Amino acid sequence: MTALGILYPGHFAEDDYPRIEQLLGSDIRVELIHTGIDDDAYRLPAPHSTNREERLARSVEGLRLSGAEAVVWASTGGSFTLGWEGAHEQVRALALASGMPASSTSFGFVHALGEVGARRVAVGATYPEDVAALFADFLRAGGVEVTGVHSAGVTAAAQAAAWGEAELLALAREADRAEADAVVLPDTALHTASHVTTLEEKLGKPVLTANQVTVWEALRLTDRRVNAPGLGALFTREPVVQA
């Protein structure tokens with residue numbers, strides 16, 4: 001049994017995680033700890049309010065008791081808005097506080113894009129344009145070529161959490177570019193676990209979503225690879241797009 005620790009801010013799309021655990025169909029346990037949130041608004045510098053080191057440090061105690069082997073901070077905006085170096089500092093502090101390998105969803109996207117062999121990506125962000133631009137900058141700092149960024153202009157996480165498959169597909173299609181090897185949807189407030197394969201079928205390429213990537217990143221930290229086609233190209237044994 002491998003236990004994965006996920007620190008999740010607020011209560012938006014946390015039910016994606018038991019769904020993902022079910023789709024993994026293996027000896028994987030996903031331990032979800034809520035960190036709380038001051039403000040769910042998508043504006044700068046509001047995402048920073050979710051990532052206070054003392055709050056994350058308090059939250060990891062529950063993960064230690066659960067037997068988690070690695071921890072991922074599941075707030076994309078609470079990571080990439082710090083910039084590449086700031087996000088690294090955050091992860092280092094989390095690893096020190098937890099005593100286990102640590103990462104964040106933002107870094108998970110960079111690693112996952114490498115896994116599926118995607119060099120050029122299109123970004124479909126719920127966030128306003130200024131926040132979405134910071135995510136694109138983060139990917140570029142990780143060596144990813146961003147072909148375009150589509151902003152849906154959503155103003156709060158609760159609004160994103162109310163979206164269904166139709167809205168997700170519209171976002172992915174608006175973002176997609178012919179030259180993009182993959183499409184990424186970075187918001188952990190979106191319910192995506194049940195829709196990844198449909199999105200990939202409609203677009204004909206890998207679609208990476210935040211909660212899916214978060215669990216994959218935790219598995220990567222524990223040196224586990226699980227074949228779960230129900231979670232899309234990222235969880236199949238062979239990448240859809242070859243490097």
Subject >> Spacing of the two label points (7 Å from each Cα toward its C-beta) at Met1 and Asn227, in nm >> reply: 2.6 nm
Original post:
If all Cα-Cα distances of region 164-243 are sorted into 5 Å bins from 0 onward, what percent lands in each bin, rounded to whole numbers?
Top reply: 3, 15, 28, 27, 17, 8, 2, 0
Original post:
Helix-derived [θ] at 222 nm for the chain: sum -39500 (n - 2.57) over DSSP H runs of at least 4, divide by residue count, nearest 500?
Top reply: -12500 deg cm²/dmol
Original post:
So for Trp216, Trp163, Trp84, Trp73, fewest C-beta neighbours within 10 Å to most, what's the order?
Top reply: Trp84, Trp163, Trp216, Trp73
Original post:
Projected area of the chain, taken from the Cα convex hull and averaged over every viewing direction, in nm²?
Top reply: 10.8 nm²
Original post:
For region 2-228, what relative contact order do you get, as a whole percent, if you take Cα pairs closer than 8 Å and at least 6 residues apart?
Top reply: 25 percent
**OP:** Determine the dipole magnitude for region 2-228: charges of +1 sit on the beta-carbon of Lys and Arg, -1 on that of Asp and Glu, nothing else is charged, the reference point is the Cα centre, and the result goes in debye to the nearest 20.
**Re:** 340 debye
**OP:** Pop a pseudo-label 7 angstrom from the Cα along the beta-carbon direction at both Asp137 and Arg58 and give the gap in nm to one decimal.
**Re:** 3.0 nm
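Readers should treat all values here as calculations from the given coordinates under stated rules, not as data from a laboratory. Just so we're clear, the structure is a prediction, and the values are computed from it rather than from any experiment. Note: ideal-geometry Cβ built from the backbone for every residue, glycine included; neighbour counts use all protein chains shown.
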